[in-house]
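Inspection log for the structure reproduced underneath, given as structure tokens.
Values in this text are rule-based calculations from the coordinates and carry no lab data. Only a predicted model underlies this, so the values are computations on that prediction, with no experimental measurement involved. Quick reminder, even Gly has a Cβ in these numbers, built from the backbone with ideal geometry, and neighbours come from all protein chains shown.
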Amino acid sequence: MKKSIVLYLHAHQPYRVKDYSVFEVGKNHDYFSWDDSDPNGNQKIIDKVSEKSYIPTNKKLIHLLKIYPDFKLSLSITGTLITELEKWAPEVLQSFVDLVETGKVEIVAETYHHSLAFFYSLQEFEIQVRMHREKIESVFGQTPKVFRNTELAYNNDLAMWADKSGYKGILAEGWDKVLGWRNSNHLYKPINTQNIKLLMKNYKLSDDIAFRFGNRNWNEWPLTADKYINWINDSQDSEIFNLFMDYETFGEHQWEDTGIFDFLENMVPIWLKDENNTFMTVSDAIDSYKVVDTIDVPETLTWADTERDLSAWLGNAMQQQAIKAIYSLSSKILGTDDWSLIEDWRRLQTSDHFYYMCTKYFNDGDIHAYFSPYKTPYDATINFMNAWHDLRFRLNEKGIEI
Amino acid sequence: MLGWELPPHNSGGLGVACFQLCKSLAKNNVDIEFVLPYKTDQENDFMKIHSTTPMNYTKLKHHLNVYDGANYLSTHAVTSEQLNYENYVASKAQEKEYDIIHAHDWLTFRAAMKAKQATNLPLIVHVHSIESDRSGGESGNPMIRDIERLGLMMADKVIAVSQMTKESIAREYDIPLEKISVVHNSIDVDELGELDNDNVYEYIELLKSNGYKVVTNVGRLTIQKNITGLLYAAKDVVDILPKTLFLIVGDGDQYHELISLSAELGILQNVIFAGFQRGKKWRDAFGIADLFVMPSVSEPFGITPLEAINYGTPSLISYQSGVSEIYKNCLKVDFWDKDEMVNKIVGFLRNEGLAKTMRQMATEEIMSMTWDKSAKATIKEYSKHKKVLA
């Protein structure tokens, strides 16, 4: 049996809440339209990330997919990003369609709004998964068969849900505490499930690219494709190498001048030079390998920070209160049949909002700050909660008791 | 070292900053002789205090107060007090081999210059505020400006309590930036008295049990502190959250003006003026508050938000403060942006989660603050200039 790299890229952008003050509550129901001059505005960010990442990366990937018959990859793209691209950068969305039309890209299922709904409302979660599937079908003509949850947030219950819902596979972080003496480089099966298989991220190899690639203080810098593929080839007791990372790694988290695109271009042929090596999509891997063991994850596991839990999103009191506040409106909002109100509420469920409220490491110079459009987690909270107050105002306007 | 006040005889932050800095300098083996313009019976074991007159603090304050620039030279006593101080310092400086003259703020500058002329010792002037800060952005008293300009020019080194102060010194007096070092003030939480079980503001406690939230300011009631701006914001806050109380602790030339402004704005019943307080009443004002607001037009440093969080109260502060350069876990706003002030006060008061998280993070943050760092940075400046002398 050949050894496979399973490259899976995740593309997402939220609708960031603008500076939305208490004076706008009840008057202006548009929380997401930023000042044109503000570089953190949603459209500005789409422009920037498209130019730095989406356009050049799609171009590079399409090129590689055409040249190398064995090169394949998997992709997930959120509903929020798709609608932003439809609105502001249709040509970029087309480049994703072109990518998928090579026939060598598998799309992975998730929630439309990149939310943590699974942990708060199963009904709402299922609606968002269905919305995402329908959107993917209409834009890409593909029906996803493998599921990943937002932030790779995973536990036994989620696996059981995905199994019952007919998914053939699910993705999770390959965290040592869960794996114990085992490694992530095999196919697994979640505990208490019938048919579903589990692919676990090789976080070391993934993060070498996603986080460390351009870091000049890293003792392995500069990372060449040769060196990297040597590491993989040297791995014992391994069948699959699950390289899961943000799509924006290419060009946005790691800028072009780090050499990230050349790395991508070089690593594919170097890996394929050995005829025992190949690339697989997530479904291929699930179909091709045998399950070696069962994995038990009672506590929720994510791909973030050293804790690998939900603490980056739900670690402090503001985050907990804000997410509770949002889901407390569920039945009232859904009862209105006002689709613009419902969509605004769903956009506020996107996990990024809670990430911006994160105070972990804030006292020692925050790594999270790079990804936040706000000066402090407190500003993020006030803007978000003002938008929440406006949702209530709109409910009240409809005669619904709040 | 030359200063104009030390606690408990202080009318503002200057005295506290001098005292804490000296204490930490002494711990780092600096031998300090501190010159005060009034007689004090205060004892300490870390520095020697000289008094230049037998006058007590209350009497001196009546004549000349460091924050009272507008009245400078309007009374006869002023010049004589300053002359006494200058002559004392100049002759004292020649009595033995000192290493450095370290002078705090304009009232000591004339003495510092005279002493430098007499001894040729290196002079470090330490700026806690300049005249334009104290006059709320106006240029202030021209005679004081002259003293400040001369002192800053004569100095071998200028220490500013914040980057913001450094920049205003350079801007107002054309002092080259390289000549100015920033040494931020700090706080030692162990030095502050603790809250006890009952709060002295019983009536406010009663209101709190009825669902009121309390916003507090502690400081002098002068234009620099922008309590006017806070009251305009208070009006809008009360419109949105009627059960909000503003507790204003302090005294100053705007006292009457602020009371009548609250009445004009129709929020007199939501504003409580508690006057100038010390000790328990001062501590309890922080203790009872949900949010402390320091909306100053210009605050060279501004220690009160750090004192507030020591008593468990998070803050909203203006960006136009030195403390905003080092204090992270608080809300910040431009002093002129009333709407944003309202937005943040309201957003804070109706979000328990936000309050809880900020309190926790900010408490963690001040625990790591210490005057020792400031003292070490000061000593570094001393050693540079002592060398020049040798």
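Only one residue of A:HIS10, A:LEU187, A:LEU75 has its Cα farthest out toward the positive end of the dipole of the range A:3-295, where Lys and Arg carry +1 and Asp and Glu -1 on Cβ, and that residue is A:LEU187.
Ranking A:ILE382, A:TRP34, B:ILE272 by Cα position along the charge dipole of the protein assembly as shown, where only Lys, Arg, Asp and Glu carry charges on their C-beta atoms, puts B:ILE272 farthest toward the positive end.
Springs join every pair of Cα atoms under 10 Å in this Gaussian network model of chain B, and among B:LEU123, B:LEU261, B:LEU291 the largest mean-square fluctuation is at B:LEU261. Note on A:LYS164 and A:ASN40: with the Förster distance fixed at 45 Å, the Cβ-Cβ geometry gives a FRET efficiency of about 0.65. Excluding B:SER51 itself, calculate the net charge of residues whose Cβ lies under 14 Å from the Cβ of B:SER51, where each Lys or Arg counts +1 and each Asp or Glu counts -1. The answer is -1. For the residues B:GLY151, B:GLY252, B:GLY136, a GNM of chain B with alpha-carbon springs under 10 Å puts the largest fluctuation on B:GLY252. Pairs over the 27 Å Cα-Cα cut-off, from the set A:LYS177/A:LYS273; B:LYS208/B:LYS332; B:LYS356/B:LYS376; B:LYS166/B:LYS376; B:LYS280/B:LYS380: A:LYS177/A:LYS273; B:LYS356/B:LYS376; B:LYS280/B:LYS380. Rounded to the nearest 5, what is the percent of antiparallel bridges among the DSSP beta bridges in the protein assembly as shown? Percent antiparallel among DSSP bridges in the protein assembly as shown is about 5.
Dipole size of the range B:190-367 about its Cα centre, with +1 on Lys/Arg Cβ and -1 on Asp/Glu Cβ: approximately 280 debye, rounded to the nearest 20.
Shape verdict for the range B:249-339, please, from the Cα gyration tensor: rounded (a/c under 1.5), prolate (a/b greater than b/c) or oblate. Note, shape of the range B:249-339 comes out oblate. For A:LYS290, the aspartates and glutamates whose Cα comes closer than 20 Å to its Cα, not counting residues fewer than 8 places off in the same chain, are A:ASP163, A:GLU173, A:ASP237, A:GLU239. Within 13 Å, Cβ to Cβ, of B:LYS166, how many net charges do the neighbouring residues add up to if Lys/Arg are +1 and Asp/Glu are -1? Once all neighbours under 13 Å are counted, the net charge is -2.
In this rough spin-label picture, where each label sits 7 Å from Cα along the Cβ direction, the A:ASP226-A:ASP287 distance is 3.7 nm. In this structure, B:ASN197 and B:PHE276 have a Cβ-Cβ separation that, at R0 = 35 Å, corresponds to a calculated FRET efficiency of about 0.90. Among the listed pairs A:LYS145/A:LYS227; A:LYS3/A:LYS66; A:LYS60/A:LYS227; A:LYS27/B:LYS243; A:LYS3/A:LYS227; A:LYS168/A:LYS227, those with a Cα-Cα distance over 28 Å are A:LYS145/A:LYS227; A:LYS168/A:LYS227. Each stretch of four or more DSSP H residues adds -39500 (n - 2.57); spread over every residue of the protein assembly as shown, this sum gives -13000 deg cm²/dmol at 222 nm. Taking a ≥ b ≥ c as the square roots of the eigenvalues of the Cα gyration tensor, an a/c ratio of 1.5 or more together with a/b no larger than b/c marks the range A:3-295 as oblate.
In this simple spin-label approximation, A:LEU179 and B:GLN94 carry label points 7 Å from Cα along the Cα→Cβ vector, and these lie 8.1 nm apart. Once both labels are positioned 7 Å from their Cα atoms along Cα-to-Cβ, the gap between A:GLN142 and A:TYR68 label points is 1.8 nm. Under the convention that each Lys and Arg Cβ holds +1 and each Asp and Glu Cβ holds -1, the size of the dipole of the range A:311-397 around its Cα centre is about 200 debye.
With a threshold of 25 Å on the Cα-Cα distance, the over-threshold entries among B:LYS48/B:LYS373; B:LYS281/B:LYS328; A:LYS59/A:LYS197; A:LYS2/A:LYS197; B:LYS114/B:LYS225 are B:LYS281/B:LYS328; A:LYS59/A:LYS197; B:LYS114/B:LYS225. Under 19 Å from a point 7 Å along the Cα-to-Cβ line of A:ASP237: which residues of the range A:204-220 have their amide N that close? Taking a point 7 Å out along Cα→Cβ of A:ASP237, the residues of the range A:204-220 whose backbone N falls under 19 Å are A:204-205.
Just checking the listed ones, A:PRO69, A:PRO56, A:PRO14: in the Gaussian network model of chain A with Cα springs under 10 Å, the one fluctuating most is A:PRO69. Of all aspartates and glutamates in the structure, the ones whose alpha carbon falls short of 19 Å from that of B:LYS27, not counting any fewer than 8 places away in one chain, are B:GLU43, B:ASP45, B:ASP99, B:ASP188, B:ASP190, B:GLU191, B:ASP372, B:GLU381.
Here B:ALA26 and A:ASN217 are evaluated by their C-beta separation; at R0 = 51 Å the FRET efficiency comes out at 0.80.
With a cut-off of 15 Å between beta carbons, the residues surrounding B:ASP290 carry a summed charge of +4, where Lys and Arg count +1 and Asp and Glu -1. Charging the Cβ of each Asp and Glu at -1 and of each Lys and Arg at +1, and nothing else, the dipole of chain A about its Cα centre rounds to 640 debye. Provide the percentage of antiparallel DSSP beta bridges, counting only those with both residues in chain A; round to the nearest 5. Restricted to chain A, the bridges split so that about 10 percent are antiparallel.
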